[in-house]
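Working notes, beginning with the structure itself.
The values are calculated or read from the model by the stated rules, or taken from the named source; none is laboratory data. Computed from a prediction, not measured in an experiment: that's the story for all the values here. Note: ideal-geometry Cβ built from the backbone for every residue, glycine included; neighbour counts use all protein chains shown. All accessible areas refer to the heavy atoms of the entire protein, side chains included, with ligands and DNA or RNA removed. Shrake-Rupley method; radii C 1.70, N 1.55, O 1.52, S 1.80 Å.
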Amino acid sequence: MPRDPGQLDRLRASHRGSVGTLRGKLDGVKRELDRIESIDYLKSPAGERARTLWETTAKRLRTVETRPRAASIRRPGALPPRGSTWVTRPRPHIDRIASAWLIKRFCDPDARFTSRTPPTPIARAFRSTSSAPSSAHHAEDCTFETLVKRFGLKDRRVRLIAEIVHEADLHDDKFTRNEAPGVDLAIRALAEATPDDDELLTRGMAMFDGLYAVLKSKT
């Protein structure tokens with residue numbers, strides 16, 4: 001039995017430590033204490049100290065067992081598992097097509113995409129089926145900007161594309177990007193000519209591959 005109840009936290013956090021294993025060992029110690037007490041007719045002080053230590057350790061273990069595991073708490077900005085399915089609304093336009101491209105190009109090449117009809121909460125802009133928070137507009141940001149910040153991307157060309165997508169999507173004059181109207185028009189034309197959402201995403205992401213390549217000369 002651990003002499004220092006604080007060892008439980010360290011064992012729990014280590015790869016070798018297992019709360020379940022500790023629980024099994026502690027239960028075994030309890031059975032042995034009960035057996036010894038049943039034949040300890042002289043009531044040895046050592047037995048009382050052992051019982052007190054067991055109770056202290058058992059109480060500490062119960063606290064550890066009911067505390068949320070640090071590893072199970074998703075940090076803001078943490079990536080969902082590789083190969084996750086990302087959900088969006090049907091008929092994606094520039095912000096959501098750009099967001100799909102960003103996910104596929106920089107975050108998860110095995111990502112898959114599907115659509116659901118609003119107003120289901122899961123279908124707001126983009127979110128992974130394996131992550132709790134949605135990736136919709138936050139404050140003044142479009143979805144693409146939200147994802148760039150969440151994933152901690154520092155790529156200069158991605159930042160330029162974020163400004164283009166923001167201006168084309170929100171039209172709030174926050175950024176002066178001459179490319180925004182042309183990119184927006186190209187995506188709208190593509191959407192008109194492409195009735196299938198999966199094909200629209202695929203062809204739209206190819207356009208952003210091209211835009212990313214062209215912007216290399218401007219960085």
**Item:** Test for A132: is it of a type in the set (A, V, I, L, M, F, W, C), surrounded by 17 or more Cβ atoms within 10 Å (Cβ to Cβ) and modelled with pLDDT under 90
**Value:** no
**Asked** Can you tell me which residue in segment 12-26 is nearest to T56 (Cα to Cα), limited to those that are open to solvent by 60 Å² or more (accessible area, probe 1.4 Å) and modelled with pLDDT of 60 or more?
**Response** K25
**Item:** Subset of segment 194-218 [under 20 Å from T114 (Cα atoms) and assigned to a helix (DSSP H, G or I)]
**Value:** D197, D198, E199, L200, L201, T202, R203, G204, M205, A206, M207, F208
**Prompt:** Which one is nearest to T143 (Cα to Cα) among residues in segment 93-128 that are in a loop (DSSP other than H, G, I, E, B) and at pLDDT 70 or above?
**Reply:** H93
**Message:** Condition first: assigned to a helix (DSSP H, G or I) and among the small types (G, A, S). Now tell me which residues in segment 144-165 satisfy that.
**Reply:** A162
**Asked** Taking D169 and the conditions (1) out of contact with any Cys (no Cβ under 8 Å at 6 or more places or on another chain); (2) crowded, with 16+ Cβ neighbours inside 10 Å, which numbered condition does it fall short on, given that it satisfies the others?
**Response** (1)
**Request:** Among residues belonging to segment 90-119 that are open to solvent by less than 70 Å² (accessible area, probe 1.4 Å) and among the charged types (D, E, K, R), point out the one that is nearest to the chain's Cα centre (by Cα).
**Result:** D108
